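Notes for the one structure printed next.
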Amino acid sequence: METLKHSPKCGKLIIKDGYVICPVCKRRTSQMIRPDTQARHLQLWCRHCKATTIVNIESGQCFLSQCPTN
């Protein structure tokens with residue numbers, strides 16, 4: 001298994017109007033986040049750039065679990 005490397009892109013994701021913003025292309029994904037949403041290791045897929053990211057969601061805050069891959 002490959003070791004994950006930390007980069008400046010890893011960290012908190014932007015949520016705009018309740019939707020997660022893709023960390024790669026900066027466009028809105030179809031995943032809506034409510035203030036009470038909880039998820040661990042959720043696979044987030046962007047339909048615009050086709051990037052897949054693994055995220056953790058706690059109390060409406062979205063954090064990258066690992067860096068984006070194409």
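Data overview
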read-out: Pairs where the first residue, in segment 17-30, is among the hydroxyl-bearing types (Ser, Thr, Tyr) and the second is exposed (fewer than 13 other Cβ atoms within 10 Å of the Cβ), C-beta under 6 Å, 6+ apart; value: Tyr19/Met32
read-out: Count of residues meeting criterion [open to solvent by 90 Å² or more (accessible area, probe 1.4 Å) and out of contact with any strand residue (DSSP E or B) (no Cβ under 8 Å at 6 or more places or on another chain)] in segment 22-56; value: 5
read-out: Subset of segment 8-21 (residues that are open to solvent by less than 100 Å² (accessible area, probe 1.4 Å) and either touching a helix residue (DSSP H, G or I) at 6+ places or on another chain (Cβ under 8 Å) or of a type outside the set (Val, Ile, Thr) (or both)); value: Cys10, Gly11, Leu13, Gly18, Tyr19
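Results for (1) part of a loop (DSSP other than H, G, I, E, B); (2) in contact with a Ser or Thr (Cβ under 8 Å, 6 or more places away or on another chain), shown as yes or no for each residue.
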{"position": "Pro23", "(1), (2)": "yes, yes"}
{"position": "Thr29", "(1), (2)": "no, no"}
{"position": "Leu44", "(1), (2)": "no, yes"}
{"position": "Arg47", "(1), (2)": "yes, yes"}
{"position": "Phe63", "(1), (2)": "no, no"}
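The values are calculated or read from the model by the stated rules, or taken from the named source; none is laboratory data. Model, not experiment: these values are computed from the prediction. Methodologically, a virtual Cβ is constructed for each residue, glycine included, from the backbone with ideal geometry; neighbour enumeration extends over all protein chains shown. The protein model used for the area step is the full one, side chains on, heavy atoms only, and it has no ligands, DNA or RNA in it. Shrake-Rupley method; radii C 1.70, N 1.55, O 1.52, S 1.80 Å.
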